[in-house]
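Encoded as structure tokens, the structure appears first; notes follow it.
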Amino acid sequence: MEKEILKLKDSVFSSKFRSFLRKTIKKEIDNIRSYQKFCISYKYISITFCFLIVCLIINYQKFIFIFILPHLFVLLYLIYNYLCSYFVRQIKLTLFPKIFSFFGNVRICNKRKIDELREYIWNTEILACYSIFICDDYFKINYNDIDISIADLIRKKKDCNDVGPHSILITFPLKKIQNKKFKLIVENKNIRVLRLFIDKVNLEDSEFEKHFNVYSNDQIESRSILTPAFMSRLIKIDNKYQTGFSIEKGNVNIVISSTKDWFEIPFFDQPEKLSLYKDVIMDLIFLLSIIDSLKIIK
């Protein structure tokens, strides 16, 4: 796994990538700055308006404003928060496909696709306790000729014993599985979901069984996938982030749970700084390296 990550890191810090990133960002800097100016202007206008209300209370003793002021603060803050969130979404819609295109063709998914994702999650057993969520980011990338979906999910309610509110779901088709009814669930020990209609798989690997519970409807097929090398790779990922893995309906699902807020750009920093986008790019690199390291595609 480390080799794949280092290989991708080298591509990020190469002069070729820096030149690509600089040209890509240059076209979007004006838009980002205009968004920033709008939000900052709104912030100062709001503060000035609240200051005027306080002056009215002091000078004219209009004590009715004392009851209005807290509600006004809350309302102005909510509007400000909404505007910042809206502008960040707009920046992501235009900027992410261009930045990530260095690694493959990227599409940011719209509301209809998010609704399809929600339905997919409801029908996916590895995500049995993720039924209530907000989709923070959702995009598809064609990486090494494979269409990969990556979604950053924020749980609204903690339904299970998990390490944090954020879960990354990576999904892609696995062509070598001919039987579309085949089901394999490799579930982290901390996730406790009652499974009644699928058999538990007992593996002769005590270290792996300390990390995961394994279920499948085909014991032979599941053991052919869960080779000692594959199990060792999965343990390495789980040591860093709580991990789940499944094959359902011909698709591979990888779930990474953590407290980390993935794919976030500091909104009020200087947009021309290349270092500003480093964390976002490294997030993608890390997730793609997980797919490479598992070698499930080969």
For a quick check of your reading: which helices (runs of 4 or more DSSP H) sit entirely within region 1-111 and have at least 3 residues that are surrounded by 15 or more Cβ atoms within 10 Å (Cβ to Cβ) and modelled with pLDDT of 75 or more?
15-26, 29-60, 64-100
Residues of region 181-192 satisfying the condition of being modelled with pLDDT of 85 or more and either more than 21 Å from Ile256 (Cα to Cα) or in a helix (DSSP H, G or I) (or both):
Phe182
Please go through region 260-298 and give me each residue that is free of Cβ contacts under 8 Å to residues at least 60 places away in the same chain and within 20 Å of Asn142 (Cβ to Cβ), ordered by number.
Asp283, Lys298
Look at region 122-139 and say how many of its residues are more than 26 Å from Arg18 (Cβ to Cβ) and either modelled with pLDDT of 80 or more or surrounded by fewer than 14 Cβ atoms within 10 Å (Cβ to Cβ) (or both).
8
Tally up the residues in region 198-243 that are over 30 Å from the mean Cα position of the chain (by Cα), among the hydrophobic types (A, V, I, L, M, F, W, C) and exposed (fewer than 11 other Cβ atoms within 10 Å of the Cβ), please.
1
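The values are calculated or read from the model by the stated rules, or taken from the named source; none is laboratory data. Only a predicted model underlies this, so the values are computations on that prediction, with no experimental measurement involved. Note that we place each Cβ from the backbone using ideal geometry, even for glycine, and neighbour counts take in every protein chain shown.
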